[in-house]
1. Whether any residue in segment 175-182 is farther than 22 Å from residue 42 by Cβ, in contact with a helix residue (DSSP H, G or I) (Cβ under 6 Å, 6 or more places away or on another chain) and modelled with pLDDT of 95 or more is what I want to check.
2. Could you list, in sequence order, the residues of segment 6-62 that are of a type in the set (Phe, Trp, Tyr), under 23 Å from residue 183 (Cβ atoms) and in contact (Cβ under 8 Å) with a residue 24 or more places away in the chain?
3. Inside segment 61-146, counting only strands (runs of 3 or more DSSP E) that do not spill past its ends, which hold 1 or more residues that are over 24 Å from residue 163 (Cα atoms) and modelled with pLDDT of 95 or more?
4. Strands (runs of 3 or more DSSP E) wholly in segment 2-59 with at least 1 residues that are buried (at least 18 other Cβ atoms within 10 Å of the Cβ) - which ones?
5. Could you tell me whether residue 82 is touching a helix residue (DSSP H, G or I) at 6+ places or on another chain (Cβ under 6 Å), surrounded by 12 or more Cβ atoms within 10 Å (Cβ to Cβ) and more than 22 Å from residue 186 (Cα to Cα)?
6. Just to be sure I understand, how many residues within segment 166-206 are under 16 Å from residue 17 (Cβ atoms) and part of a strand (DSSP E or B)?
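The values are calculated or read from the model by the stated rules, or taken from the named source; none is laboratory data. Please read these numbers as outputs of a predicted model, since none were measured by experiment. Cβ placement follows ideal geometry from the backbone for every residue including glycine, while neighbour counts extend to all protein chains displayed.
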Amino acid sequence: MEKDISNDIVGKWLKAWCLSRELPSPSKYKSGFKVNVNDEKQKTRYVFAELNDDFFQLANSIEEPWIFLKVCTAFDDFKDKIPEKWKVQPQGYMMFCFHRMNIPDIDLHENYKIEFDSYNSTFVVKIVTKNNELASIGRVVIVDDLAVYDRISTEINHKRKGLATFIMKELEKIALSKGVSNNFLVATEQGKSLYESLGWELYSLYTSVVIPTEKSKF
């Protein structure tokens, strides 16, 4: 769907992303945002709701590897307008569900149990086996009127058992208990179909580029 991408929503999502990872809050950088990630493979990330001169100025001035530029548009919209040193990363999908999710009434199999945790404004739901082996995990972060779902994953030997759907159901319960029904996340190609099946829609493509080290293969 085509729409104007809200800088407010992108900022809230990025704040939640930082809270989930216990990183410093994003700071404003001209028309976008900046996060000091301080990871070996991601030093800094700049995030823009739209393509503009601020994005292109960074693309032309940055020489250091592992600084990410991220923007809410397709790579085809700017791939010929930035230096070739920038390498595109797997496509991301900003998605929204501003209503109750379409989650079937499912129960957790008796071989699993559920655990809850929280930190900052982040609420964690885990599904573990009776032997305390992690099977699936997810987080929801409440930022003002937005519930941001983050790092939803299932271990490979526990896939196709509906665990991620159950995680989403429990995370939504937490968000609703806080009075929040506006849901937002960034999905991978693999996760996109799951969220669509639960009633989520595409908000925007979310494209990342980075200058890798010479030895890295992309």
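1. Step one: of segment 175-182, the residues farther than 22 Å from residue 42 by Cβ are 175-182.
Checking which are in contact with a helix residue (DSSP H, G or I) (Cβ under 6 Å, 6 or more places away or on another chain) leaves us with none.
Within segment 175-182 (the criterion being farther than 22 Å from residue 42 by Cβ, in contact with a helix residue (DSSP H, G or I) (Cβ under 6 Å, 6 or more places away or on another chain) and modelled with pLDDT of 95 or more), the answer is no, since none of the residues qualifies.
2. Within segment 6-62, 13, 17, 48 meet the criteria.
3. Answer list for segment 61-146: 67-71, 134-143.
4. 32-39, 42-48
5. Numbers: touching a helix residue (DSSP H, G or I) at 6+ places or on another chain (Cβ under 6 Å): yes; surrounded by 12 or more Cβ atoms within 10 Å (Cβ to Cβ): yes; more than 22 Å from residue 186 (Cα to Cα): yes.
Judged against the criteria, residue 82 is a match.
6. 8
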